[in-house]
Amino acid sequence: MSKELSPRGLPAKDDLSSSMPHRDLAAWLSHIEQLHPKSIAMGLERVKRVLERLSLQPNFKIITVAGTNGKGSTCAMLAQIYRQAGYQVGCYTSPHLLRYNERVRINGVEASDEALCVAFAAVERARLGVNAEDDEIALTYFEVGTLAAVWHFAQSAIDIAVLEIGLGGRLDAVNAFEPDCAVVTSVDIDHQEFLGDNRESIGAEKAGIYRPSLPAICGDLNPPKSLIAYAQKVGADFMCIQHEFGYEALASGWHYLANGKIVYTLPLPALEGSYQLLNASCVVAAVESLQSVLPVHADAIAAAMSEVKLAGRFQTVSKSPCLILDVAHNPHAAEALAKNLKAHRVQSSSVTTAKAGKTIAVFAMLADKDIKGVVSAVKDEIDFWYVTDIDHVRRAPVNELVKVILEVVPQAKIKIFDTAAAACKQACIDTEVCIDRSENDKIVVFGSFFTVSSVMQYLTQYADIHF
């Protein structure tokens with residue numbers, strides 16, 4: 001008896017479930033972690049071979065988003081706009097904070113464990129080989145996840161997918177799919193071991209997501225020459241902030257500008273930080289570039305700006321004490337965090353009796369990041385450093401973090417903790433019982449997705465705060 005096939009020629013879901021070893025989501029994630037000897041292996045050849053075996057040809061529009069910082073916010077705003085406009089929207093992002101399911105969403109709803117298992121099974125079958133003569137293809141965790149996410153979207157009759165690049169652009173697994181519009185939010189120094197140690201080399205890698213004749217958005221205020229040159233070389237429809245589009249901040253909103261003219265008057269993005277207007281401008285530019293195929297009314301854009309949410313981006317999760325979560329993990333992001341902290345600082349003056357308040361940092365980073373650059377960026381906004389270990393193979397040892405902090409701030413006040421949860425708990429206690437406490441004291445958790453994730457798990461379990 002022949003196998004039942006889906007409309008795209010792939011084995012039907014029931015058949016996939018029965019033809020693969022039974023694994024729950026945790027088992028699948030453990031399995032795909034072990035498929036490749038390296039956690040990161042740049043290149044598209046292996047991914048494209050599995051993609052061909054899957055016969056995966058998305059029949060929905062795709063927006064690809066790359067950038068050193070701002071990718072998550074940009075993806076969140078894009079997905080929210082198209083949802084408000086009534087479209088079926090898939091969104092693939094990484095990394096996750098609490099659950100793998102966060103990476104794969106349709107209309108804001110996380111993919112179920114069952115759906116992800118079925119998608120992983122589809123990718124696994126293609127990876128192992130459809131025919132007897134096919135060889136097994138090694139894929140990384142991210143590569144399997146990317147293929148599985150897009151396969152899931154293809155089964156779900158979506159209208160548009162927003163796909164976040166994991167690392168770089170040119171050789172990232174997401175770039176195996178052909179976008180209808182590509183966005184590079186920013187270019188700065190990060191992942192030097194893979195992308196190079198200067199903005200020109202990094203810009204060239206990120207520009208690799210641009211395509212001939214298609215919209216190529218850039219939100220960097222000073223884009224590397226390499227990025228512009230690549231866009232021109234391939235004949236992309238290049239649009240750069242402060243040139244083809246931009247924004248004008250207002251007291252209670254902002255103007256989106258195209259070629260210097262006001263197109264929309266919009267509410268400020270619900271995401272904190274003045275820099276979010278850079279991301280929001282890229283988002284609207286991308287939406288405008290696809291108006292002929294996916295029409296969006298101004299009301300949908302405005303509503304999305306007011307309602308967009310994104311965990312871990314200067315996210316205030318408690319007001320007593322004030323507890324802020326931010327995944328800032330490189331100097332560029334740390335500079336943005338410092339600006340946000342400064343903007344929220346209460347200044348003591350003759351006009352007000354309010355205390356300025358202290359800021360406690362719950363801080364941990366990965367060893368391969370620019371620790372000194374991050375500390376230098378935020379040093380003026382931090383009063384106490386609660387330095388902690390995190391459960392990750394690439395974590396920076398606590399003594400190394402302390403050493404760097406003291407190099408930058410010789411008189412820094414530092415406490416050391418085994419876990420981010422313990423550091424956060426003590427920070428909350430200290431803001432309550434400290435003799436010179438102020439209602440304006442703040443706790444900011446930052447330095448890595450893993451630092452924030454650890455605290456989020458603690459808050460979910462013990463403080464009844466749900467994400």
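How would you order 413-422, 454-463, 321-330, 382-391 from highest to lowest mean count of nearby Cβ atoms within 10 Å?
321-330, 382-391, 454-463, 413-422
Run through every distinct alpha carbon pair of segment 191-274 and return the Kirkwood hydrodynamic radius in angstroms, one decimal place.
About 14.4 Å, per the Kirkwood formula over Cα pairs.
Taking H as built 1.01 Å from N, whose amide H comes closer than 5 Å to the amide H of K413, not counting residues under 5 places away?
Hits under the 5 Å cutoff: W385.
Restricting to Cα pairs below 8 Å that are 6+ residues apart, what does the relative contact order work out to for the chain? Please round to a whole percent.
Dividing the mean separation by the residue count of the chain yields 13 percent.
Expressed as a rounded percentage, what relative contact order does segment 118-217 have, with Cα pairs under 8 Å and six or more residues apart?
The value is 22 percent.
Please report the relative contact order for segment 92-169, taking Cα pairs under 8 Å with a sequence separation of at least 6, and give it as a percent rounded to a whole number.
Once divided by the residue count of segment 92-169, the mean separation gives 35 percent.
Taking amide hydrogens as modeled 1.01 Å from N in the peptide plane, which residues meet the under 5 Å criterion relative to Y247, leaving out close sequence neighbours?
Q242, L257
Averaged per residue, what accessible surface does the chain expose to a 1.4 Å probe, in Å²?
Each residue of the chain exposes 44 Å² on average to a 1.4 Å probe.
Mean residue ellipticity at 222 nm from the helices of the chain, using -39,500 (n - 2.57) per DSSP H segment of n ≥ 4 over the full residue count, to the nearest 500 deg cm²/dmol?
Rounded to the nearest 500, it is -11500 deg cm²/dmol.
For segment 268-336 and segment 191-249, what is the separation of their C-alpha centers, rounded to whole Å?
Cα centroid of segment 268-336 versus Cα centroid of segment 191-249: 20 Å apart.
For Cα extents along the principal axes in Å, the listed values are [x] 71, 48, 47; [y] 81, 53, 40; [z] 85, 68, 56; which was obtained by calculation from the structure presented?
From the options [x] 71, 48, 47; [y] 81, 53, 40; [z] 85, 68, 56, the structure gives [y].
What ranking do 314-320, 105-111 get when scored by the average of other Cβ atoms within 10 Å per residue, highest first?
105-111, 314-320
Sorted by packing (mean other beta-carbon atoms within 10 Å per residue), highest first, where do 37-47, 80-90, 302-312 land?
80-90, 302-312, 37-47
Would you mind telling me the antiparallel percentage of the DSSP bridges in the chain, rounded to 5? Please list the in-between numbers first.
Working: 22 of 61 bridges.
Around 35 percent of the beta bridges assigned by DSSP in the chain are antiparallel ones.
Mind listing the long-range amide H neighbours of Y264? Cut-off is under 5 Å, sequence gap 5 or more, other chains count too, H placed in the peptide plane at 1.01 Å from N.
Answer set, sorted by chain and number: Y256.
Considering only H36, T74, G219, whose Cα is most displaced toward the positive end of the charge dipole of the chain, charges sitting on Cβ of Lys, Arg (+1) and Asp, Glu (-1)?
Toward the positive end, the furthest listed residue is G219.
The values are calculated or read from the model by the stated rules, or taken from the named source; none is laboratory data. From a predicted model like this one, the values you see are computed outputs, not experimental measurements. Reconstructed Cβ throughout: ideal geometry from the backbone, glycine too, with neighbour counts over all protein chains shown. Just the protein is used for accessible areas: all its heavy atoms, side chains included, with ligands, DNA and RNA removed. Shrake-Rupley method; radii C 1.70, N 1.55, O 1.52, S 1.80 Å.
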